[in-house]
Amino acid sequence: MTPTVTRAGQPLPGGPPYDVTVIGAGVVGTAIARELARHPLRTALVEATDDIANGTSKANTAILHTGFDAVPGTLEARLVREGQRLLAAHAGRTGIPVERVGALLIAWDQEQLDALPGLLAKAERNGYHAARLLDAEETAAREPHIGPGALGALEIPDEAVICPWTTPLSYATQAVRAGVHLHLDCPVQDLAYADGLHTLTTGRGTLRTGLLINAAGLYADAIDRLLGHDTFTVRPRRGQLIVFDKLARDLVGHILLPVPTAAGKGVLVAPTVFGNVLLGPTAEDLDDKTATESTAEGLALLREKGRRILPRLLDEEVTAVYAGLRAATGQEDYRITARPEQRSITVGGIRSTGLTASMAIAEYVVSLLPGTGLDPGEPTELAPLTMPGLGEGADRPYLDAGLIARDPAYGTLVCHCERVTEGEIRDALTSTLPPRSAEGLARRTRAGNGRCQGFHCGAAIRARIEGARS
Amino acid sequence: MTRRERAVDILVVGAGPAGLAAAAGLAAAGPLHIEVLEREQTAGGIPRHCAHGGFGTRETGDLSGPAYALHCAAEARRAGATLRTGLTVTGWAGPRTLDATGPGGLERITARAVVLATGARERPRAARLVPGTRPAGVYTTGELQQAVHLHHQHIGTRAVVIGDEPVSDAAADTLRTAGVHLVARVTTHPPRPLAAVRRGGGAPLLTRTTVTALTGRPRLTGVRVRHEDGRTATLACDTVVFTADWIPDHELARRGGLPMDPGTRGPAHDPAYRTGQPGVFAVGSLLHGGEGAGTAAREGRAVTAPVLRHLATGAWPVSGPPLTVEEPLEWTAPNLAGPGGTRLLLRTARRLTAPLLVARQDGAVLHRHRVVRTVPPGSAFPLAADWLERADPRGGAVRLTIGG
Ligand SMILES: Cc1cc2nc3c(=O)[nH]c(=O)nc-3n(C[C@H](O)[C@H](O)[C@H](O)COP(=O)(O)OP(=O)(O)OC[C@H]3O[C@@H](n4cnc5c(N)ncnc54)[C@H](O)[C@@H]3O)c2cc1C
Ligand SMILES: Cc1cc2nc3c(=O)[nH]c(=O)nc-3n(C[C@H](O)[C@H](O)[C@H](O)COP(=O)(O)OP(=O)(O)OC[C@H]3O[C@@H](n4cnc5c(N)ncnc54)[C@H](O)[C@@H]3O)c2cc1C
């Protein structure tokens, strides 16, 4: 089957209405599309921008949470716990990099130290039993470079870091290869429902579908309003992050979490699967859903917090700064609602855990289908998939003698800082979902994402993208 | 994993002006197996894309960057060095054993002496923590030059250049060549005394001015700036070039465990270009960021004698105490005391008029020298270094200060 991926300038396919259409190709929408792809359904995935995972899903902290600190009894707590298992297994099958580095929740004063036993009890209530308390000495032994004054820690050995980019890419690739139609550059502008059919007015014409699934992230409230519901409002909560150079990686072993306060989870220091160190995020409630810019105040705050947690980190070079927007809705839980009378499901308020929970959210959403009057049919296995190995935990192509012997393009480095080869760039440009931009290529290969930010390779990379487009 | 293991006499990493000069000098000295590894497809380093004059030696006369790159590579080859391009050194397997990747496979090369000449780059926008959006149209000079001169890419229409150093002039020239209108140049430094006669192509130079944010998405629409006195403005443009603000490409040096200098952020080294790792030398921009190609080549030539001496005797004298600087000085290279030095390079954070340099060790004055000119920030100035011989090799740090 040739995959159907349409873009700006191409017509939307005609034919009978889709059985299901998912709005929004973030990590949640692509996970749902992948789950739907296992069933004998005509499914479409519709995305406003020119690539998948172009919204919140490209800019998070990339932690595969255990859910130890979720609010017990919520849908989020359950789906994070299940999602962690599902995604870890999926990552194992597809080669998405995951590193189980573990987390330390560090107490910097007596009040925080006193809070740790309560957090341990909460973890137990969330069904997580491997957490344990460390005293000051054990904490310092685990993390020799942390700043002075740590009084103790709660250790959560199963917290892991994962690749935030190949995860949704794997979902979308599997979905599209199994027959889901992906329509990019296709913003949904209006919706009408009549006689059991939705008509979607998009920037590229109209689409008809039986069931509609709203996974529009920050705009899930807007899509719901187009459906005639005014039940929640998404307020973006910005998180700014600083990515430090790979040469800082040896300074930190675990995800270093602060003890949570009323103001949120707080600023953490975490390794990435690419071998960098992250510092962030901030938590700023805003009104502008496009406000992904960084600010002087935000960066100053991060540096101040980071200096306390890991003083030597601040002497290292910064590789990148970015910001993501969490879809806060004023409710400490996901807002997943099925409306059988209108044949729609809203998957809203997927705030700060959506990457982890994505596969469990998808299973849960598909379990709601029969209730909306759609029999999804028997599930089948999806064709196996191998994702490019972007993680530093395993040997990358430039270190694989066998691979280079078979194809010398894997021995030619184009992006020096990230050690991305000609072969990998070619593969990405000819993949099922090829990138259209330098950023899209970076998310698939890491090319251009390194410390020089294009000083050495930027022009060469752009030449390859332009070459592939023409 | 299968790696082809080999041995050479001298391995040079990086075929820029510094590495190529070192290779040429060493190869001319005798029947040694000298190999230069270069990760780019062509040798020559940064000058490959500096498509303007100002390069060359007394023998060659004025050359363009690309011609100079060819000249340096030809010299090294003619002297008998082996130049291998498209090969990246990726790490260390021993004190003088390096791993490399190329289309021919993986190699592990052991040398009797290693010369690191991996160069430097300009800090990109993110590393300077300039806030704002992440639009297209943001460059460093290195990327801009490659885009224009090697790939003939479309740049934009209106540009702002950040920085006021020699490389900033090169960025402005490249923009003009590409038909981009230069809106302004921005620097945190005060105006130069003879601003009227300086270059700049008519675009205003905003001095004492800091970039506070970039705006626009997906394409840059403006650069927000703030003057020291509090005035702010937004410069409308679709292109911005961040120039200078050098950081040595020191990954290999650091991965090899070489002690680093906190000022230059390059490997700590003595006047004979010896690093803290026996048998490992370092030259060029790796030591101090983007000084001119002539300086890099000069260091490459100057490393020849110490390397040959090391090969002949196997000796690796313990380096002297560190050379440290105090504000407004930013760094000195070399930054370890030791014999054989002819000059130091010093860099200052602000303009100095006829500064008096004083070197002290353990409280005693080793040397005083008045520089009878004005030294600008942004490019290093030299200081004769024969007095370094007088430093007590077992004494404390040698401190360089300005005045009194
Ligand atoms: C700073 C930060 C840190 C985080 N850290 C973590 C973490 O460590 N671990 C974790 O598990 N989670 C984390 N998260 C949360 C996680 O990133 C999100 O929960 C997840 O990305 C949400 O995915 P989504 O698919 O719902 O939204 P999105 O990724 O925003 O996807 C929604 C998509 O819908 C599209 N869309 C919107 N409107 C329309 C329309 N009208 N027509 C067509 N398409 C439309 C958008 O273009 C977008 O692509 C973090 C989030 C942030 C901001
Ligand atoms: C944009 C720009 C413009 C400039 N303009 C001028 C000018 O007009 N006039 C002037 O005199 N000077 C100019 N300079 C400064 C001049 O380029 C440098 O002084 C000179 O190039 C330094 O030489 P080098 O050999 O130390 O480093 P480089 O020229 O940077 O060479 C280093 C070489 O090492 C290679 N390398 C690095 N790591 C590895 C590895 N791991 N494996 C293999 N190879 C590796 C690199 O690919 C590179 O070719 C400019 C610099 C820049 C950045």
Counting only protein heavy atoms and leaving out ligands, DNA and RNA, the solvent-accessible surface of A:Tyr322 at a 1.4 Å probe, in Å² to the nearest 10, equals 40
At a probe of 1.4 Å, how much accessible area disappears from chains B and A on forming the pair, both sides counted, to the nearest 100 Å²? 3700
Taking a point 7 angstrom from the Cα of B:Glu330 along the C-beta vector, which residues in the stretch B:116-147 have backbone N less than 12 Å away? B:122-123
Can you give the accessible area of B:Thr353 in Å² (nearest 10), computed on protein heavy atoms with a 1.4 Å probe? 110
Divide the volume of the convex hull of the Cα atoms of the stretch B:1-52 by its number of residues and quote the answer in cubic angstrom per residue. 92
With viscosity set to 1.567 mPa s and temperature to 4 °C, compute the Stokes-Einstein D of the protein assembly as shown, Rh being the Kirkwood radius across alpha carbon pairs; µm²/s, no decimals. 44
To the nearest 20 debye, the stretch A:9-115 has a Cα-centred charge dipole, built from +1 on Lys and Arg Cβ and -1 on Asp and Glu Cβ, of 600
Using DSSP, restrict attention to beta bridges with both residues in the protein assembly as shown and report what percent are antiparallel, rounded to the nearest 5. 65
Using the crude model of +1 on Lys and Arg Cβ and -1 on Asp and Glu Cβ, and no other charge, please compute the dipole size for the protein assembly as shown relative to its Cα centre, in debye to 20. 2080
Extreme residue, positive dipole direction of the stretch B:322-404, given options B:Leu356, B:Pro339, B:Thr401 (C-beta unit charges): B:Leu356
Helix B:304-313 against the longest principal axis of chain B: what's the angle in degrees, Cα atoms only, rounded to the nearest 10? 30
Qualifying GluC sites (Glu not before Pro) for the stretch B:254-354 [loop in DSSP, other Cβ within 10 Å: at most 16]: B:Glu326
Please report, as a whole percent, how much of the solvent-accessible surface of the stretch A:1-61 comes from carbon and sulfur atoms (probe radius 1.4 Å). 55
Could you check how much of the accessible area of the stretch A:397-469 is carbon and sulfur, as a whole percent, using a 1.4 Å probe? 50
Inter-site label distance for A:Arg7 and A:Asp375 at 7 Å from Cα along Cβ, in nm: 4.1
Summing -39500 (n - 2.57) over every DSSP H run of at least 4 in the protein assembly as shown, dividing by its residue total and rounding to the nearest 500, the 222 nm mean residue ellipticity is -7000 deg cm²/dmol
How many nm separate the modelled label positions at B:Leu356 and A:Gln110, each set 7 Å beyond the Cα in the direction of the Cβ? 5.6
What do you reckon, how do B:Trp246, B:Trp331 stack up by accessible area (1.4 Å probe), largest on top? B:Trp246, B:Trp331
Buried on assembly, the stretch B:112-131 (at least 10 Å² less accessible surface than by itself, 1.4 Å probe): B:Arg121, B:Glu122, B:Arg123, B:Pro124, B:Ala126, B:Ala127, B:Leu129, B:Pro131
Run the 1.4 Å probe and let me know the accessible area of A:Lys265, rounded to the nearest 10 Å². 90
Once each part is reduced to its C-alpha centroid, what is the distance from the stretch B:164-191 to the stretch A:187-209 in angstrom? 51
Once you put a point 7 Å from the Cα of A:Asp315 and another 7 Å from the Cα of B:His369, both along the Cβ direction, what distance in nm separates them? 2.9
Using a probe radius of 1.4 Å on heavy atoms only, what accessible surface per residue do you get for chain A? Whole Å² is fine. 37
Sorted list, accessible surface of protein heavy atoms, 1.4 Å probe, largest first, for A:Arg446, A:Arg343, A:Arg225 is A:Arg225, A:Arg343, A:Arg446
Would you mind telling me the share, in percent, of accessible area of the stretch A:145-304 contributed by carbon and sulfur at probe 1.4 angstrom? 53
Looking only at other chains, what is the average number of their beta-carbon atoms within 10 angstrom of each beta-carbon in B:137-150? 4
Per residue, what accessible area does chain B have, given a 1.4 Å probe and all protein chains present, in Å²? 40
Please list A:His254, B:His52 from largest to smallest accessible area, probe radius 1.4 Å, with all protein chains kept in place. B:His52, A:His254
In nm, what is the difference between 0.36 nm times the number of residues separating A:Arg93 and A:Arg406 and their Cα-Cα distance? 110.3 nm
For chain A, what class follows from the C-alpha gyration tensor (a ≥ b ≥ c being the square roots of its eigenvalues): rounded when a/c is under 1.5, otherwise prolate if a/b is larger than b/c, else oblate? oblate
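The values are calculated or read from the model by the stated rules, or taken from the named source; none is laboratory data. Small disclaimer: the values here were computed from a predicted structure and weren't measured. Glycine also receives a Cβ, built like all others from the backbone with ideal geometry; neighbour counts cover every protein chain displayed. For the accessible areas, the whole protein counts, side chains as well, though only heavy atoms, and no ligand, DNA or RNA atoms are used. Shrake-Rupley method; radii C 1.70, N 1.55, O 1.52, S 1.80 Å.
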